[in-house]
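First, the structure itself, so that you have it in front of you.
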Amino acid sequence: MDSRQIVRATKWSAVTEVAAKLVAPVASIILARVLTPEAFGVVATLTMIITFAEIFTDAGFQKYLVQHEFADETDREQSTTVAFWSNLVMSLVIWGVIAIFAEPLAALVGNPGMGLVLIIACVSIPLTAFSSIQTALFKRDLDFRTLFKARLAAILVPLLVTVPLAFWLRSYWALVIGTIVQNAVSAATLTALSKWKPRLFYSWAKLREMLSFSVWSMVEAVSIWLTSYVDIFIVGRALDQYFLGLYKTSISIVTQIFGLVIATTTPVLFSALSKLQSDEEGFRALFFKFQKYVALLVIPLGVGMFFYSDLVTRLLLGEQWLETAGFIGLWALTGAFVIVLSHYSSEVYRAKGRPKLSVLAQVLHIVVLWPAVLIAVRYGYETLYITRSLVRLEMILVNLVIMYVVVKISPWQMLRGIAPACVGAAVMGAAAWCLLRGLPALSENIFYQCGTIAACMAVYIGVICVFPEERKLLLSFRAKSRSLSYRGLQAERILNKK
């Protein structure tokens with residue numbers, strides 16, 4: 001596989017996610033100050049139902065189109081068309097079923113009387129189904145440049161639609177309507193940019209072939225949904241919407257920050273590993289490289305957010321959310337290691353065509369997660385979020401064992417690859433603790449805290465440079481940055497002469 005194609009795909013994926021992650025936090029910062037935690041709690045339970053429905057509308061067809069080796073272009077065209085119509089019809093059927101049972105479903109997730117809101121929110125289901133096939137084709141071709149154009153149109157919706165609605169409506173309706181508009185814009189843009197267009201064709205034989213391939217991907221998606229939302233369901237029923245809003249928003253804000261790295265690398269990694277599944281040496285080399293690079297960014301970020309959780313909460317959400325600052329810090333700290341040592345393992349399983357392994361990992365996590373959250377929620381919000389944050393570390397152990405026993409990828413090699421990032425982050429964390437605790441009179445001053453963050457970054461880079469391979473990587477990055485700056489300066493001079 002052409003490494004330059006992977007690099008180009010990663011760059012465009014990065015550009016897309018940078019744009020998204022620059023806009024999303026801005027919108028979140030504004031919305032968190034305009035809307036109450038209760039509004040976010042209501043939307044969290046609605047999202048739980050919608051995401052579950054979307055698992056069955058997609059039925060694993062996206063992964064099938066990305067990963068499957070087609071016999072020829074006709075085979076690909078027919079499979080794509082069958083997947084499109086299956087997705088669309090199933091999404092409309094599921095939307096109809098939800099409309100019939102809207103009130104009982106809303107009550108089940110802790111939102112009695114919200115049936116109409118649920119029906120309207122579920123407009124997103126057919127909109128997402130309409131564009132998911134085009135997205136899969138772009139990913140298969142590693143055409144993240146076109147995906148960037150489509151995503152850019154949808155990225156601006158929160159600022160142009162959701163935020164103004166929040167000031168006007170002051171309720172969860174702003175979030176519901178904003179999400180629908182965002183999905184509609186995304187569907188329209190992807191359809192317009194895609195070379196492939198749906199046509200009148202259907203084959204039950206093709207459907208059976210795709211389902212036999214993707215059934216375990218769908219089961220895996222259900223298990224991931226259970227892992228992601230079982231705690232939301234429990235919290236929504238055991239606590240009120242205020243605490244559910246705190247809980248879900250804390251997870252979301254950390255996800256947005258880490259999402260810049262995850263969303264940039266994951267689709268590219270899956271597509272690239274899928275093409276290397278028969279090349280064991282190249283497969284492992286690519287996996288370890290991705291893991292090392294991500295660790296260098298994510299682990300210090302998680303440690304930094306842990307020590308500066310109050311500052312992060314104040315800046316991103318506002319004073320009314322300080323009650324959940326501890327959760328934001330702990331979730332970021334544990335999440336950094338889960339991303340590096342667990343998240344990318346799932347991409348290995350899928351790329352190898354063995355989604356059953358991911359299902360196994362999710363099930364082993366659920367059997368620990370469910371009782372832990374059920375017990376912890378009885379003792380209050382603080383006990384709940386501490387338990388939830390620590391329980392997710394169990395996923396690391398499970399995936400390391402599966403990777404070693406089944407996939408034959410050594411956990412020791414994985415740990416050696418991320419060791420420099422861990423050492424650098426540990427020293428940086430110690431520096432942060434000393435700087436914040438050493439001068440308690442200044443520790444609450446925002447300017448002092450920002451200054452200590454800069455000092456901690458310098459400490460981390462200094463420690464990383466002790467390791468030869470990491471030092472070489474940083475020097476290479478610095479040289480490329482200078483080269484790009486020089487080219488930009490030369491281009492500017494040429495334009496000025498003209």
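With respect to residue 428, is the statement that it is surrounded by 15 or more Cβ atoms within 10 Å (Cβ to Cβ), closer than 20 Å to residue 344 by Cβ and either in contact with a strand residue (DSSP E or B) (Cβ under 8 Å, 6 or more places away or on another chain) or touching a residue at least 12 places away in the same chain (Cβ under 8 Å) (or both) true?
Spelling it out, it is not the case that residue 428 is surrounded by 15 or more Cβ atoms within 10 Å (Cβ to Cβ), closer than 20 Å to residue 344 by Cβ and either in contact with a strand residue (DSSP E or B) (Cβ under 8 Å, 6 or more places away or on another chain) or touching a residue at least 12 places away in the same chain (Cβ under 8 Å) (or both).
Yes or no, residue by residue, for (1) over 30 Å from residue 286 (Cα atoms); (2) acidic (Asp, Glu):
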| position | (1), (2) |
| --- | --- |
| 320 | yes, no |
| 323 | yes, yes |
| 332 | no, no |
| 346 | no, no |
| 358 | no, no |
| 369 | yes, no |
| 381 | yes, no |
| 391 | no, no |
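A quick yes/no check of all residues on (1) at pLDDT below 80; (2) of a type in the set (Gly, Ala, Ser):
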| position | (1), (2) |
| --- | --- |
| 199 | no, no |
| 203 | no, yes |
| 212 | yes, yes |
| 215 | yes, no |
| 220 | yes, no |
| 225 | no, no |
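Of all helices (runs of 4 or more DSSP H) completely enclosed by the range 84-196, which ones contain at least 1 residues that are at pLDDT below 85 and either within 21 Å of the chain's Cα centre (by Cα) or under 30 Å from residue 241 (Cα atoms) (or both)?
Those helices (runs of 4 or more DSSP H) span 102-108, 124-140, 144-155, 173-193.
Do you know which of the residues in the range 315-360 that are in a loop (DSSP other than H, G, I, E, B) and touching a Phe, Trp or Tyr at 6+ places or on another chain (Cβ under 9 Å) is surrounded by the most Cβ atoms within 10 Å (Cβ to Cβ)?
Among those residues, the one meeting the criterion is 354.
If residue 460 satisfies every condition in (1) farther than 29 Å from residue 420 by Cα; (2) at pLDDT 80 or above; (3) surrounded by 10 or more Cβ atoms within 10 Å (Cβ to Cβ) but one, which is the exception?
The single condition residue 460 does not satisfy is (1).
Looking at (1) surrounded by fewer than 20 Cβ atoms within 10 Å (Cβ to Cβ); (2) within 18 Å of residue 237 (Cβ to Cβ), which is the only condition residue 85 fails?
(2)
Picking from 65, 92, which residue would you name as being surrounded by fewer than 18 Cβ atoms within 10 Å (Cβ to Cβ) and of a type outside the set (Gly, Ala, Ser)?
92
Let me ask something else about it. Given the condition among the hydroxyl-bearing types (Ser, Thr, Tyr), within 23 Å of residue 65 (Cβ to Cβ) and without any contact (Cβ under 8 Å) to a residue 40 or more places away in the chain, answer yes or no: does some residue in the range 198-213 qualify?
Yes, the range 198-213 contains at least one residue that is among the hydroxyl-bearing types (Ser, Thr, Tyr), within 23 Å of residue 65 (Cβ to Cβ) and without any contact (Cβ under 8 Å) to a residue 40 or more places away in the chain.
For the structure I just gave you, tell me whether residue 312 is of a type in the set (Val, Ile, Thr), within 30 Å of residue 450 (Cβ to Cβ), surrounded by fewer than 23 Cβ atoms within 10 Å (Cβ to Cβ) and out of contact with any His (no Cβ under 6 Å at 6 or more places or on another chain).
When the stated conditions are applied, residue 312 passes them.
Just to be sure before I move on: is residue 45 in a helix (DSSP H, G or I), β-branched (Val, Ile, Thr) and touching a residue at least 24 places away in the same chain (Cβ under 8 Å) in the structure I sent?
Judged against the criteria, residue 45 is a match.
Can you list residue pairs whose Cβ atoms sit under 7 Å apart, with the first residue in the range 456-472 being hydroxyl-bearing (Ser, Thr, Tyr) and the second being in a helix (DSSP H, G or I)? Count only pairs 6 or more apart in sequence or on different chains.
460/300; 460/424; 460/425; 460/428
Now a separate question. Within the group 250, 271, which residue is assigned to a helix (DSSP H, G or I) and modelled with pLDDT under 85?
Just one listed residue meets the conditions, 271.
The values are calculated or read from the model by the stated rules, or taken from the named source; none is laboratory data. Please read these numbers as outputs of a predicted model, since none were measured by experiment. Glycine also receives a Cβ, built like all others from the backbone with ideal geometry; neighbour counts cover every protein chain displayed.
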